[in-house]
Amino acid sequence: MKRLVREALALAGFVVGMTGLADLVLARLARAGLHDPSIRVATEIDAPIDAVWEVVADVDRQPEWMTEMSDLRMLTDPPLGVGSRGEATVTVAGISTTDPVTISVFEPPRRFGIVHEGRIHGDGLIALASRAPGGPTIVAWEERLFPPVFPYVGAAVMRPVLRRIFQADLARLATMVASRRAGGD
């Protein structure tokens, strides 16, 4: 039994050590511009940019299209803008955490950015663009999220899951925009 415990501890030590080494390598590659920990998703919504911005910037209703978010609370008074702070509960794969954020970019109707300041830290930016006035809107969403332990390995592990979640969020955003335009709010 003692031998089994020693072998298990040795294996655990090896795994932690190799994960730490992988994290160091990924961090150095990121600093050198050879590894990008970002999560990027995009969609085109058949609505003018102002109509899309109206839904994106409606912070109180963001949990309706970002379904991993709940219990949203703004901590600063209106109006919404750079420096506004809030927090929400974020649940992914059954794991919940409080996500305090500060708005870092607020440029209606084009860019909405936040800094995540909780255990999972990083930043996010939603950028809107239109190819023609009044035409469809391209929504590009980028997030960089890092867990507290082995942040670069964690980001790499989380990226494929979060990419699917965020792409589904954009599909719900498109549905909300279409509903508002049809008068169904």
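The values are calculated or read from the model by the stated rules, or taken from the named source; none is laboratory data. Keep in mind the model is a prediction, meaning the values are calculated, not measured. With ideal geometry, Cβ positions are generated from the backbone for all residues, glycine too; neighbour counts draw on all protein chains shown.
The set of residues in region 56-73 that are of a type in the set (A, V, I, L, M, F, W, C) and either part of a loop (DSSP other than H, G, I, E, B) or out of contact with any helix residue (DSSP H, G or I) (no Cβ under 9 Å at 6 or more places or on another chain) (or both) comprises Ala57, Val59, Met66. Of all residues in region 88-104, those satisfying the criterion of being surrounded by fewer than 17 Cβ atoms within 10 Å (Cβ to Cβ) and among the β-branched types (Val, Ile, Thr) are Thr89, Thr91, Val92, Ile95, Thr97, Thr98. Annotation note: Cβ proximity below 6 Å between a residue of region 80-98 that is more than 30 Å from Pro109 (Cβ to Cβ) and a residue that is of a type in the set (A, V, I, L, M, F, W, C) and in a strand (DSSP E or B) (sequence gap 6+ or interchain) occurs for Thr97/Val90.
Select from region 162-185 the residues that are under 22 Å from Leu29 (Cα atoms) and among the aliphatic types (A, V, I, L, M) and list them in ascending order.
Taking region 162-185 first, the residues under 22 Å from Leu29 (Cα atoms) are 162-163.
Leu162 - this is the single residue of region 162-185 that is under 22 Å from Leu29 (Cα atoms) and among the aliphatic types (A, V, I, L, M).
Note on region 56-82: residues that are acidic (Asp, Glu) and either outside the structural domain of Thr97 (by TED's automatic domain parsing) or farther than 16 Å from Val92 by Cβ (or both) total 4. With respect to the numbered conditions (1) surrounded by fewer than 17 Cβ atoms within 10 Å (Cβ to Cβ); (2) in contact (Cβ under 8 Å) with a residue 12 or more places away in the chain; (3) of a type in the set (S, T, N, Q), which one is the sole condition not fulfilled by Ser179? Among (1) surrounded by fewer than 17 Cβ atoms within 10 Å (Cβ to Cβ); (2) in contact (Cβ under 8 Å) with a residue 12 or more places away in the chain; (3) of a type in the set (S, T, N, Q), the lone unmet condition for Ser179 is (2). When region 104-123 is filtered for residues that are part of a strand (DSSP E or B) and either touching a helix residue (DSSP H, G or I) at 6+ places or on another chain (Cβ under 9 Å) or under 18 Å from Ala174 (Cβ atoms) (or both), the ones remaining, listed by number, are Phe112, His121, Gly122. Which of the residues that make up region 1-42 are outside any helix (DSSP H, G or I) and either surrounded by 10 or more Cβ atoms within 10 Å (Cβ to Cβ) or within 28 Å of the chain's Cα centre (by Cα) (or both)? Once the filter is applied, which keeps residues that are outside any helix (DSSP H, G or I) and either surrounded by 10 or more Cβ atoms within 10 Å (Cβ to Cβ) or within 28 Å of the chain's Cα centre (by Cα) (or both), region 1-42 yields Ala32, Gly33, Leu34, His35, Asp36, Pro37, Ser38, Ile39, Arg40, Val41, Ala42. Taking into account only those residues within region 157-181 that are within 14 Å of the chain's Cα centre (by Cα) and hydrophobic (A, V, I, L, M, F, W, C), which is nearest to Ile120 (Cα to Cα)? Taking the candidates together, the pick is Met158. Close contacts from region 23-44, counting a first residue that is under 28 Å from Asp169 (Cβ atoms) and a second that is of a type in the set (S, T, N, Q) and not in a strand (DSSP E or B), with Cβ to Cβ under 9 Å and a gap of 6+ residues or different chains, come to Val41/Gln167; Ala42/Gln167; Thr43/Gln167. Of the residues examined, Ile45 is not one that is surrounded by 15 or more Cβ atoms within 10 Å (Cβ to Cβ) and under 30 Å from Gly154 (Cβ atoms).
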